[in-house]
1. For segment A:227-245: of the residues being free of Cβ contacts under 8 Å to residues at least 40 places away in the same chain and of a type in the set (A, V, I, L, M), which is farthest from A:G22 (Cα to Cα)?
2. Quick one: how many residues across segment B:214-246 are in contact (Cβ under 8 Å) with a residue 60 or more places away in the chain and either in contact with a Gly (Cβ under 8 Å, 6 or more places away or on another chain) or on the phi > 0 side of the Ramachandran plot (or both)?
3. Being facing chain A (nearest Cβ under 7 Å), among the small types (G, A, S) and farther than 16 Å from A:T259 by Cβ is the filter here, so list the residues in segment B:57-74 that pass it.
4. Sort out which residues of segment B:363-378 are surrounded by 17 or more Cβ atoms within 10 Å (Cβ to Cβ) and in contact with a Leu (Cβ under 8 Å, 6 or more places away or on another chain), and write them in order of number.
5. For segment B:164-183, check the following and say yes or no: at least one residue is crowded, with 16+ Cβ neighbours inside 10 Å, among the acidic types (D, E) and touching a Leu at 6+ places or on another chain (Cβ under 6 Å).
6. Can you list residue pairs whose Cβ atoms sit under 6 Å apart, with the first residue in segment A:246-265 being among the small types (G, A, S) and the second being not in a strand (DSSP E or B)? Count only pairs 6 or more apart in sequence or on different chains.
7. I need the helices (runs of 4 or more DSSP H) fully contained in segment A:218-272, keeping only those with at least 1 residues that are away from chain B (no Cβ under 14 Å) and either of a type in the set (A, V, I, L, M, F, W, C) or surrounded by 15 or more Cβ atoms within 10 Å (Cβ to Cβ) (or both).
8. Kindly state which helices (runs of 4 or more DSSP H) lie completely within segment B:9-79 and contain at least 1 residues that are hydrophobic (A, V, I, L, M, F, W, C), crowded, with 23+ Cβ neighbours inside 10 Å and not assigned by TED's automatic domain parsing to the domain that holds B:G112.
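The values are calculated or read from the model by the stated rules, or taken from the named source; none is laboratory data. Note that the coordinates shown come from a computational prediction; the quantities given were computed from them, not determined experimentally. In this analysis, Cβ positions are derived from the backbone assuming ideal geometry, glycine residues included, and neighbour counts consider all displayed protein chains.
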Amino acid sequence: MPNNEVLSWLRTRFMPHIWCPGCGHGIIMHSIIRALIALKKDKPNTVLASGIGCSSRMAGYINANTLHSTHGRSLAFSTGIKMFNPELTVIDVMGDGDCSAIGGNHFIHACRRNIDITAIVMNNNIYGMTGGQASPTTPVGAWATTAPWGVVDPAFDICKLAEGAGASYVARTTIANPKQAESFIVNGIKNKGFSVVEIVTHCHTQFGRKNNRRAPMDNYNFFKEASVPLTKAKTMTGEELAGKIVVGEFVDKSMPEYTEQYKKVIEKAQRG
Amino acid sequence: MADASNVAFWQGNTALAHGALLAGCNFYGGYPITPSTEIAEVMAEELPRRGGKFIQMEDEIAGMASIIGASIAGAKSLTATSGPGFSLKQENLGLAYIAEVPIVVVNVMRGGPSTGLPTKTAQQDVMQARWGTHGDHATICYSPSSVQECYDLAIKAFNMAERFRQPVLILSDEVVGHMREKVVKKDAAAIEILNRARPTVKPEKFTPYEADPRTGVPPMASFGDGYSWHVTGLTTNDWGFPTNNPPEIEKKMLRLMNKVDRARGDIVEYESESMSGANVVVVAYGSVGRSALRAVRDARKKGIPAGFFRPITLWPFPGEELAKDALGAKVILVPELNCGQMVLEVERVIRGRSEVRGVNLVNGELFKPQEIVKVIEEVA
């Protein structure tokens, strides 16, 4: 059972939640709430936005100002929220399809603007809610209902995408390391700019069942074995890194933040 | 009275932007598209001067999303677009209807389908304005026919969005958007400004979608003003939580329609001239309303008892009013810059009591008054 402080951040009247027993999304939700508590955030000034999919249902379960928006578009909604009221702490949770398929354009532009929003990408390598269709992060060769002969599309590396598009904080971990997830989320929220925390999770129901990771623990063990810290990864060849999950903080730099820059626009316009 | 200090010589798009600012618009999110771009350009310059915010988003979809987000955070927000952009905005427009988020959306119509005629006028989106986003929804849509009306209806659109807590559309067109005319500016202190009803209960007692029984509209909190609540595109109960419960679903859906329906008399607007005893009635809106009015006046000079009826709200359509005023007319002509859209609505309300005939022009030009006079003469 979570402690009372964590419980106060949950809308228990909204439960039972929709996630399958053993789903990794609950671990991520717990990490987010622990990070918010560690940062002493208050609920009325915290916004959690989301798109569509299993991961995005999290918005309903968290007791703050929450917006469950349209598929892939949540960053565009939260950009409007943050732009209008920069005092709010804005977190945007999304799945791999939300982030890198239908919402890919919104994602790269949020990175480019460096607006002070923390995007938490719950990457389970599949469209879970709709029944196991291939996503842009499904590995080549994996089975999906829309790739019954194996995926041929190369996968996106979400962290590289975020780094290339200009995000000022980029990190990755897995649900097998919830303490690290919590600390990356803390660092992401503390960063005054656009932060991306990719948390690799699993959909044993739709992905694992057909890709030799049927039980939740199969996935958990896989993540533990496949995780390679960034420092170690730097010493490894591309061949050695195949199939591994590089975890760590890839980008952490200070850059002009969008709403701060716009504040200067207002000052300039008002000086005339 | 108009004196030099409160008169401007503006194009319709500029007037619309200034009307929005006067109404209290403090957020604009959008994407450039002809022939609406001047609205974004005026807002980009004027909003920061007033402490407001302007953002050019990565696409039309994001422009729409950003203004909904800003409105949830307490803004009075605006976006403007044209044909292809209006199509892209339909998805998130639906979210604003179901989640009851006040916003104003302008479509400066150009010829379609697809890229069509970016610099030419048309009225091909009037049914898209009514039915464009999927699912049932109550549409409030204004159609300006002059630069002054762009200014005045922008103010009204914001007031209606705030009052009914839903999107309000302004369907302008390339001619109205780009022509220049005199505008008499209004004094902010002298106009009525409506603001969304705010919750008065303590945060722990707040039921986000519990409607005021007098209006059918729930008071709206803003993110950051002390309340914590949930917004979703799913069909919800009064708590704002998703529901699959049939009575709760029906309650929500019927309330969305009824909150507008019950106030129809406060929304519907039209202009008419010489309708009493008119034998030929010309129903026209937007830029075509201008050609049609001139045509009716010219026809009357020729001794033809013609009448003029111009819906200012396309939706709700002033159908009962038209049916009453046009009673006894032999023919009702509906000139429009499409292959026949609002004519269907006119036929529906006239129910065969008069002959209803569409007059259609889809070459990118506006009707010349004499073209309409010619048809009036043919049918009189």
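1. Checked segment A:227-245; the qualifying residue farthest from A:G22 (Cα to Cα) is A:M236.
2. Matching residues across segment B:214-246 total 7.
3. B:A62, B:A65
4. Going residue by residue through segment B:363-378, those that are surrounded by 17 or more Cβ atoms within 10 Å (Cβ to Cβ) are B:366-367, B:369, B:372-373, B:375-376.
Scanning segment B:363-378 gives B:L366, B:F367, B:I372, B:V375, B:I376.
5. Within segment B:164-183, not a single residue is crowded, with 16+ Cβ neighbours inside 10 Å, among the acidic types (D, E) and touching a Leu at 6+ places or on another chain (Cβ under 6 Å).
6. The qualifying pairs are A:G248/A:L230.
7. Counting at least 1 such residues, we get A:230-233, A:238-241.
8. Numbers: elements: B:12-22, B:37-49, B:60-72.
Helices (runs of 4 or more DSSP H) meeting the threshold: none at all.
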